[in-house]
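Notes follow once the structure below has been shown.
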Amino acid sequence: LAREAAQTGKPCVLAFVGETTLAAVSGGVYLAATLEEAALLAGALARGMPLPMAPAALPAALVKMAQAARTALQPGQQLVHALYCGGTLAHEALGLLRRALGTVVSNLDDTLGAAHETAHVVLDLGAEEFTQGRPHPMIDPSARRQYLIEAAGNPEVAVVLGDVMLGWGAHADPAGALVAAWQEAQTVARAAGRALVGIAHVC
């Protein structure tokens with residue numbers, strides 16, 4: 001694909017989400033591992049600006065928030081459970097988390113298995129095994145609730161990742177639905193003397 005893109009003679013950005021790292025290849029073709037990297041590269045190419053060839057640093061305010069959240073966790077809390085409505089952001093998270101944490105199990109590549117309670121997990125809740133006989137979670141985000149409550153009840157889970165999908169055909173208030181489930185999950189975690197960190201990607 002990169003070779004064919006190079007033959008067009010035009011600058012191209014290929015987003016192999018979760019599969020590679022930010023890089024330039026020959027013929028004006030650039031590879032990105034995330035949607036954000038792809039957007040930043042494409043924007044720089046379109047404006048004739050210097051290309052961002054390294055991932056952007058997190059804003060200082062976010063780093064400070066993350067450090068504060070970490071201090072509230074118990075020593076045994078070390079797992080990340082990612083609960084996504086769809087596959088694109090789930091694939092992106094899976095690639096990033098595997099680079100940072102090593103082993104991460106997922107239904108995306110049939111590595112989930114029975115040991116998911118003691119492992120880092122990425123779930124694509126929009127996959128066929130979760131949507132048979134029920135609406136896609138973009139339409140009915142309540143499907144995520146049971147997995148969020150399960151994560152909150154797991155003494156090893158520290159961080160829950162998720163997405164809020166906006167747009168045509170999506171739930172009228174996906175953020176509101178996630179907030180209600182999140183508050184319920186926080187109640188479960190607090191009752192056990194634990195904190196739970198939540199990070200949502202709005203798309």
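The values are calculated or read from the model by the stated rules, or taken from the named source; none is laboratory data. Just so it is clear, the model here is predicted, and its values are computed rather than measured. Glycine also receives a Cβ, built like all others from the backbone with ideal geometry; neighbour counts cover every protein chain displayed. Remember, those area values only see protein heavy atoms, side chains included, never the ligands or the DNA or RNA. Shrake-Rupley method; radii C 1.70, N 1.55, O 1.52, S 1.80 Å.
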Show the residue pairs that are 6+ apart or on different chains and have beta-carbon atoms under 7 Å apart, the first residue being within region 152-181 and in contact (Cβ under 8 Å) with a residue 60 or more places away in the chain, the second being outside any strand (DSSP E or B) and β-branched (Val, Ile, Thr). 156/118
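Here is a list: 61, 69, 56, 38. Which entry is part of a loop (DSSP other than H, G, I, E, B), among the small types (Gly, Ala, Ser) and under 22 Å from the mean Cα position of the chain (by Cα)?
Working: 61 fails: part of a loop (DSSP other than H, G, I, E, B); 69 fails: part of a loop (DSSP other than H, G, I, E, B); 38 fails: part of a loop (DSSP other than H, G, I, E, B).
The unique qualifying residue is 56.
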Per the filter on region 179-203, residues in contact with a strand residue (DSSP E or B) (Cβ under 6 Å, 6 or more places away or on another chain) and part of a helix (DSSP H, G or I) are 182
Considering each of 44, 90, 82 in turn, give the residue that is open to solvent by less than 20 Å² (accessible area, probe 1.4 Å), in contact (Cβ under 8 Å) with a residue 12 or more places away in the chain and assigned to a helix (DSSP H, G or I). 90
Inspect all residues belonging to region 179-193 and state whether any of them is open to solvent by less than 50 Å² (accessible area, probe 1.4 Å) and under 24 Å from residue 34 (Cβ atoms). no
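On the basis of being assigned to a loop (DSSP other than H, G, I, E, B) and either surrounded by 15 or more Cβ atoms within 10 Å (Cβ to Cβ) or touching a residue at least 24 places away in the same chain (Cβ under 8 Å) (or both), does residue 9 make the cut? Please lay out each step first, then the result.
On the way: assigned to a loop (DSSP other than H, G, I, E, B): yes; either surrounded by 15 or more Cβ atoms within 10 Å (Cβ to Cβ) or touching a residue at least 24 places away in the same chain (Cβ under 8 Å) (or both): no.
Taking the combined requirement at face value, the residue does not satisfy it.
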Search result, residues across region 47-63 that are of a type outside the set (D, E, K, R), more than 26 Å from residue 197 (Cβ to Cβ) and open to solvent by 90 Å² or more (accessible area, probe 1.4 Å): 49, 50
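Have a look at 143, 152 and point out the one that is open to solvent by less than 30 Å² (accessible area, probe 1.4 Å) and either modelled with pLDDT of 95 or more or assigned to a loop (DSSP other than H, G, I, E, B) (or both). Show your work before the answer.
Values: 143 fails: either modelled with pLDDT of 95 or more or assigned to a loop (DSSP other than H, G, I, E, B) (or both).
When all the criteria are applied, what remains is 152.
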Only one of 112, 101, 96 is touching a His at 6+ places or on another chain (Cβ under 6 Å) and open to solvent by 20 Å² or more (accessible area, probe 1.4 Å), namely 101
Just to be sure I understand the filter: pairs with C-beta atoms under 7 Å, separated by 6 or more residues or on different chains, first member in region 123-139 and under 11 Å from residue 171 (Cα atoms) and open to solvent by less than 20 Å² (accessible area, probe 1.4 Å), second member assigned to a loop (DSSP other than H, G, I, E, B) and at pLDDT 90 or above. Which pairs pass? 137/85; 137/125; 137/126
Give region 162-178 a look and list any residue that's open to solvent by 80 Å² or more (accessible area, probe 1.4 Å) and among the aliphatic types (A, V, I, L, M), or say none. 166, 172
Filter region 12-41 for residues that are of a type outside the set (A, V, I, L, M, F, W, C), touching a helix residue (DSSP H, G or I) at 6+ places or on another chain (Cβ under 6 Å) and modelled with pLDDT of 85 or more; which is surrounded by the fewest Cβ atoms within 10 Å (Cβ to Cβ)? 34
